[in-house]
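The values are calculated or read from the model by the stated rules, or taken from the named source; none is laboratory data. In this text, all values refer to a predicted model and were calculated from it rather than measured experimentally. All Cβ positions, even for glycine, are placed from backbone atoms using ideal geometry, and neighbour counts span all protein chains on display.
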Amino acid sequence: MTATTHDTHDDHHHGPPAGFFKRWLFTTNHKDLGVLYMLFGLLMFFVGGAMAMVIRAELFQPGLNLVDPHFFNQMTTMHALVMIFGGVMPAFTGLANWLIPVQIGAPDMALPRVNNWAFWLLPAGFVLLLATLFMPGGAPAGGWTMYPPLVLQLGDAFPFLIFAVHILGISSIMGSINIVATILNMRAPGMTLMKMPLFVWAWLITAFLIVAVMPVLAGAVTMLLTDQYFGTSFFNAAGGGDPVMFQHIFWFFGHPEVYILILPAFGIVSAIIPTFARKPLFGYSSMVYATASIAFLSFIVWGHHMFTVGMPLAGQLFFMYATMLVAVPTGVKIFNWMATMWQGSMTFETPMLFSIAFVLLFTIGGLSGVMLALAPVDLQYHDTYFVVAHFHYVLVTGAVFSIMAAVYFWLPKWTGHMYDEKLGKWHFWLSTISVNVLFFPQHFLGLAGMPRRIPDYALQFAEFNMISSIGGFVFGLTQLLFVYIIIKCVRGGQKATSEVWEGARGLEWTLPSPAPYHTFETPPVVK
Amino acid sequence: MSENTQNQRRSGGRTAAKMAFMALAMFGFGFAMVPAYQVFCEVTGFNGFVSNEASAGPADQAYDPDRKVTVEFVATVNGSQPWSFRPKKSRMEVTPGELYTAYFVAENQEAESTVSQIIPSVAPGSAGRHFKKTECFCFTEQRFSGSETREMPVTFFIDPALAERTTTVTLSYTLFDIRDGDLPEYDEEAAELHAGAPQSAD
């Protein structure tokens with residue numbers, strides 16, 4: 001025991017180990033790993049973004065203009081996989097790594113070495129996935145949902161896709177196990193569950209979702225693998241299987257997955273809005289219960305992705321009603337955020353602007369979601385741009401905006417410098433305007449019948465597609481400004497105080513800025 | 001590191017073990033969904049579940065001899081294999097409770113012999129359980145010699161328990177060519193065609 005005490009004591013004074021590789025490759029420090037996760041997420045955000053630019057460039061005008069249709073399909077498929085598994089999920093995990101220990105008063109994550117391993121599996125998984133772009137037959141092109149029998153016609157990329165999904169799944173499961181173990185065991189004395197910041201709550205629930213459904217996805221893709229190479233017939237009708245069963249198993253994973261991509265966002269805005277409204281969060285416990293209810297409901301609504309497969313009436317009704325129920329706890333949350341802002345003395349710094357835009361634009365995505373939940377009309381909306389508009393409103397102006405809000409909010413704590421507020425506001429307004437120019441017209445395109453995942457379209461869709469593409473290019477370019485602002489903030493700027501924001505509450509704001517390499521080695525006392 | 005932190009680490013490991021067990025269990029659950037799905041569809045008749053086993057003939061039960069249900073026949077070839085497959089008659093009027101025979105014609109359009117498996121499906125889904133086959137070419141693999149054409153019978157009856165509101169039942173067969181195992185092997189030529197110059201150019 002003495003030796004251990006001594007070692008830790010040393011670390012505390014000497015900070016991170018010297019040497020680039022020793023520091024970053026072998027690090028078990030939650031702050032280092034948080035940074036690595038977030039940088040990886042940022043990198044993949046640009047890789048996936050470049051693919052989106054190819055998609056929008058091809059759709060700028062009708063006709064087949066720039067790329068081969070097969071390559072276009074590779075872009076839509078890979079854009080989704082990269083953004084979900086490489087962009088949003090690692091970014092959220094990075095935020096969790098950095099913030100959860102300092103928010104609950106723990107010295108580090110519960111399993112630091114597992115943490116390192118979980119992170120370094122990510123680049124490995126993405127090498128497998130992105131390598132498929134250079135293979136004969138190309139990258140996966142049958143949609144990120146990997147429906148058989150189409151996905152089985154993939155060629156050389158097929159096993160790479162399957163093993164990439166396995167590795168990314170293992171990585172996120174390990175990360176989540178670590179988060180649960182940290183939250184349940186490492187809280188400072190006095191930090192009861194119902195005193196935890198909502199970001200911690202949201203991640204606790206998200207981590208349970210990940211551990212529950214990622215293995216189901218792993219099972220589904222394993223069945224694809226054995227169908228292809230080992231003569232099983234899980235999804236092969238000729239052998240007595242059923243391709244529709246894949247959709248059931250996939251969406252049993254897939255629907256909780258979309259909440260995995262949004263629940264941490266709820267936690268982030270629940271931290272930011274009270275800070276800049278200078279009021280405590282309205283309805284803390286209802287927020288916790290609402291998040292848990294959404295997580296529970298996510299397991300019983302998967303059928304709404306499959307209304308068109310020929311589901312019997314009873315199934316359609318069940319999934320329709322269950323899906324519409326999701327709007328209730330979500331409505332509670334939106335209401336609570338508005339009530340928090342009500343009569344607050346608000347200021348509009350960049351994180352707050354992104355959070356308010358999140359509430360507004362996520363609600364638009366939520367409402368189009370209620371429309372899609374209606375089985376009779378879904379038959380018309382299914383596989384159209386209306387769906388594309390819907391899930392980009394909840395994922396870009398939802399998940400991605402919340403990540404940007406979080407970066408601006410906590411960046412002074414991470415770097416010790418304030419970011420350039422003027423540039424931050426430019427980034428916000430350019431992003432918010434362009435993202436609406438990008439995705440709002442897609443509602444109209446979808447309602448008018450433009451199918452998704454098609455590189456060409458009928459002439460009557462030309463204007464809205466051109467508008468959408470212009471919005472897309474502006475949104476894409478604007479994100480370079482985001483990177484510039486981050487680099488500028490890391491390099492210097494006005495010194496940040498330990499509280500950073502006037503109305504900031506929580507343990508992380510009691511630490512100096514930048515937060516030292518090791519924090520809360522002696523647990524703080526939470527009253 | 002305090003005694004307290006040591007304890008936290010240990011209980012952290014226990015929580016992690018429980019969570020890892022949960023992950024493993026859910027991996028198993030994914031596979032358990034396969035038989036569960038089969039059983040669920042069998043019991044409820046969802047998804048147009050159709051038994052691919054011979055059932056006994058119509059039971060000696062009362063049925064309405066005046067009731068008429070239209071049965072439509074559909075035949076499809078899976079993929080682009082060189083087959084011709086069609087029903088001899090595209091529809092017939094039947095009385096639930098009575099036994100009928102319909103014929104399907106399949107032609108292997110290649111000179112080589114081959115094997116096919118034909119899979120039935122019934123629409124609407126609620127009729128699947130009530131469509132009973134006493135004899136069918138779909139129960140076993142069908143071997144065809146080169147360029148062979150064959151008429152194949154299916155003997156069936158509709159259970160009088162079929163819902164009154166159902167007046168049309170569609171019996172659809174899909175023919176799978178399974179000579180190379182269950183699924184066609186990955187076709188390199190086709191893939192190259194895909195990856196080649198834009199097809200739009202021509």
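Select the helices (runs of 4 or more DSSP H) contained entirely in segment A:63-160, then report the ones holding at least 1 residues which are under 20 Å from A:D32 (Cβ atoms) and away from chain B (no Cβ under 14 Å).
Values: elements: A:69-81, A:89-104, A:112-131.
Those helices (runs of 4 or more DSSP H) span A:89-104, A:112-131.
Can you find even one residue in segment B:56-73 that is surrounded by fewer than 19 Cβ atoms within 10 Å (Cβ to Cβ), at the interface with another protein chain (Cβ under 10 Å from one of its Cβ atoms) and either under 19 Å from the mean Cα position of the chain (by Cα) or modelled with pLDDT of 90 or more (or both)? Scanning segment B:56-73 turns up no residue that is surrounded by fewer than 19 Cβ atoms within 10 Å (Cβ to Cβ), at the interface with another protein chain (Cβ under 10 Å from one of its Cβ atoms) and either under 19 Å from the mean Cα position of the chain (by Cα) or modelled with pLDDT of 90 or more (or both).
Could you say which residue among A:G315, A:G310 is in contact with a strand residue (DSSP E or B) (Cβ under 9 Å, 6 or more places away or on another chain), within 14 Å of chain B (Cβ to nearest Cβ) and under 27 Å from A:P256 (Cβ atoms)?
Values: A:G315 fails: in contact with a strand residue (DSSP E or B) (Cβ under 9 Å, 6 or more places away or on another chain).
Just one listed residue meets the conditions, A:G310.
The listed residues are B:P120, B:P82, and the only one of them that is at pLDDT below 90, buried (at least 19 other Cβ atoms within 10 Å of the Cβ) and within 22 Å of B:I178 (Cα to Cα) turns out to be B:P120. Within segment A:345-370, residues that are aliphatic (A, V, I, L, M) reach partners that are surrounded by fewer than 18 Cβ atoms within 10 Å (Cβ to Cβ) with beta carbons closer than 6 Å, at six or more positions or on different chains, in the pairs A:V370/A:A327.
Here A:F444 fulfils each of the conditions (1) closer than 25 Å to A:T28 by Cα; (2) out of contact with any strand residue (DSSP E or B) (no Cβ under 9 Å at 6 or more places or on another chain); (3) surrounded by 14 or more Cβ atoms within 10 Å (Cβ to Cβ) apart from (1).
One residue stands out among those in segment A:454-480 that are more than 20 Å from A:L423 (Cα to Cα) and polar (S, T, N, Q): the one that is surrounded by the fewest Cβ atoms within 10 Å (Cβ to Cβ), which is A:Q460.
Give the residues of segment A:50-77 that are polar (S, T, N, Q) and either surrounded by fewer than 17 Cβ atoms within 10 Å (Cβ to Cβ) or within 16 Å of A:Q442 (Cα to Cα) (or both), sorted by residue number. A:Q61, A:N65, A:T76 - these are the residues of segment A:50-77 that are polar (S, T, N, Q) and either surrounded by fewer than 17 Cβ atoms within 10 Å (Cβ to Cβ) or within 16 Å of A:Q442 (Cα to Cα) (or both). Of everything listed in (1) surrounded by fewer than 15 Cβ atoms within 10 Å (Cβ to Cβ); (2) under 21 Å from the mean Cα position of the chain (by Cα), the single unmet condition for A:V326 is (1). Scanning segment A:192-207 for residues that are within 14 Å of A:L99 (Cβ to Cβ) and part of a loop (DSSP other than H, G, I, E, B) turns up A:M196, A:P197.
Criterion applied to A:E463, A:E421 was being without any contact (Cβ under 8 Å) to a residue 12 or more places away in the chain and more than 22 Å from the chain's Cα centre (by Cα), and the one residue passing it is A:E463.
Among the residues of segment A:283-325, the ones that are under 23 Å from A:F335 (Cα atoms), touching a Pro at 6+ places or on another chain (Cβ under 8 Å) and hydrophobic (A, V, I, L, M, F, W, C) come to 4 in all.
Residues in segment B:10-38 that are closer than 21 Å to A:T206 by Cβ, more than 7 Å from every other protein chain (Cβ to nearest Cβ) and of a type outside the set (A, V, I, L, M): B:K18, B:F21.
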